[in-house]
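The values are calculated or read from the model by the stated rules, or taken from the named source; none is laboratory data. Since the model is a prediction, treat every value here as computed from it, not as a measurement. Positions of Cβ are generated from backbone atoms using ideal geometry, with glycine treated the same way; all protein chains shown enter the neighbour counts. All accessible areas refer to the heavy atoms of the entire protein, side chains included, with ligands and DNA or RNA removed. Shrake-Rupley method; radii C 1.70, N 1.55, O 1.52, S 1.80 Å.
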Amino acid sequence: MTAQHPLRGDVAVLVPAAGLGTRLGPGAPKALRELGGAALLVHAVRRLAQAPSVGCVVVAAPPGRVDEVRALLDREVPPGVTVDVVEGGATRRESVAAAFGAAPLSYEIILVHDAARAFVPPDLVERVAAAVREGRAAVVPVLAVVDTIKRIDESGHVVATPERSELRAAQTPQGFRREILEAAYRAAGDDATDDAGLAEQIGVRVFCIPGADRALKITRAADLAVAEALLRDDVANLG
Ligand code: CTP
Ligand code: MG
């Protein structure tokens, strides 16, 4: 309405959701496991779609489950937000690349968000998008680490103890100008555990913004208990 108002719907979010959830224990692929009556992926997509910047969501589904995932997400997003589902790959990187390939070229701001971070606050999505819109090439939400982190060698001995105050834990959504993410994925590097890591490998300066406790990655069974508490809290806040 006013010149200062941020652009709305100018962001596409890629959602890798094709992982097995091995560390969670036996069961369905992690993104399809239910909490509070809905799959983790559904919780994630609902929250992404609540962020006004998001105009498009592209999900990389577990192999062979594209139609099922499409049906799950039908009617989960408000009018004006499009959802597409493609088949994911054997690695997170392949899944992100598959989703990226299906994102409309008109989106110049691309976020990548793990389905496993199912309770991401829409406000965090907005803050990442805003930082890219304001000119940052690559943006990653981070939290201070609570544990002291050790670098170790193959024999199990400590090699170094990095200064904790200089360390941060990286979350998602991570945000990129389209051409930056494109170049990062085109480059050969293979050993990054997140998308910002791939951008770093091609020399991009990655900008950090404050992350959110609620954007925790559901990885092990104990994380499900935390997630359940977050969900109860959300429901209570809604009324
Ligand atoms: N992911 C993906 N495709 C893969 C592997 C992972 O899309 N081949 C996604 C997961 O679905 C998840 C995100 O990447 O949303 C982060 O991965 P992680 O938390 O490691 O999930 P999983 O790989 O499913 O879990 P695990 O490593 O315990 O098997
Ligand atoms: Mg994994």
| remark: The number of residues in region 63-80 that are open to solvent by less than 80 Å² (accessible area, probe 1.4 Å) and at pLDDT below 95 is 4
| message | Being under 23 Å from residue 105 (Cβ atoms) and within 16 Å of the chain's Cα centre (by Cα) is the filter here; which residues of region 186-207 pass it? | response | 195, 196, 198, 199
| task | Would you check if residue 128 is in a helix (DSSP H, G or I), under 29 Å from residue 234 (Cβ atoms) and open to solvent by less than 20 Å² (accessible area, probe 1.4 Å)? | result | yes
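For region 5-23: of the residues being hydrophobic (A, V, I, L, M, F, W, C) and modelled with pLDDT of 95 or more, which is nearest to ligand 2 (Cβ to nearest atom)?
20
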| Condition check for residue 177: within 16 Å of ligand 1 (Cβ to nearest atom) and among the basic types (Lys, Arg) | no
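Yes or no, residue by residue, for (1) touching a residue at least 24 places away in the same chain (Cβ under 8 Å); (2) within 16 Å of ligand 2 (Cβ to nearest atom); (3) outside any helix (DSSP H, G or I):
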residue	(1), (2), (3)
59	yes, no, yes
79	no, no, yes
86	yes, no, yes
101	no, no, no
110	yes, no, yes
115	yes, yes, yes
| What are the pairs, 6+ residues apart or on separate chains, where a residue within region 137-151 that is touching a residue at least 60 places away in the same chain (Cβ under 8 Å) has its Cβ under 9 Å from a residue that is assigned to a strand (DSSP E or B) and open to solvent by 80 Å² or more (accessible area, probe 1.4 Å)? | 140/168; 141/210; 142/168; 142/210; 143/168; 143/210
| All positions within region 188-223 that are out of contact with any Lys or Arg (no Cβ under 8 Å at 6 or more places or on another chain) and within 17 Å of residue 38 (Cβ to Cβ) | 214
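Please tell me if residue 44 is in a helix (DSSP H, G or I), within 16 Å of ligand 2 (Cβ to nearest atom) and either within 22 Å of residue 121 (Cα to Cα) or modelled with pLDDT of 95 or more (or both).
Values: in a helix (DSSP H, G or I): yes; within 16 Å of ligand 2 (Cβ to nearest atom): yes; either within 22 Å of residue 121 (Cα to Cα) or modelled with pLDDT of 95 or more (or both): yes.
Judged against the criteria, residue 44 is a match.
Filter region 21-39 for residues that are of a type in the set (Lys, Arg) and buried (at least 20 other Cβ atoms within 10 Å of the Cβ) and give the result.
Start the filter on region 21-39 by keeping residues that are of a type in the set (Lys, Arg), which leaves 23, 30, 33.
Result: 30, single match.
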| said: Which condition from (1) within 17 Å of the chain's Cα centre (by Cα); (2) outside any helix (DSSP H, G or I); (3) farther than 19 Å from residue 60 by Cα is the one that residue 176 breaks? | reply: (3)
| Given (1) hydrophobic (A, V, I, L, M, F, W, C); (2) touching a Ser or Thr at 6+ places or on another chain (Cβ under 9 Å); (3) assigned to a loop (DSSP other than H, G, I, E, B), number of the condition residue 28 does not satisfy | (2)
| Hits in region 201-237 (condition: open to solvent by 40 Å² or more (accessible area, probe 1.4 Å), closer than 11 Å to residue 170 by Cα and among the hydrophobic types (A, V, I, L, M, F, W, C)) | 208
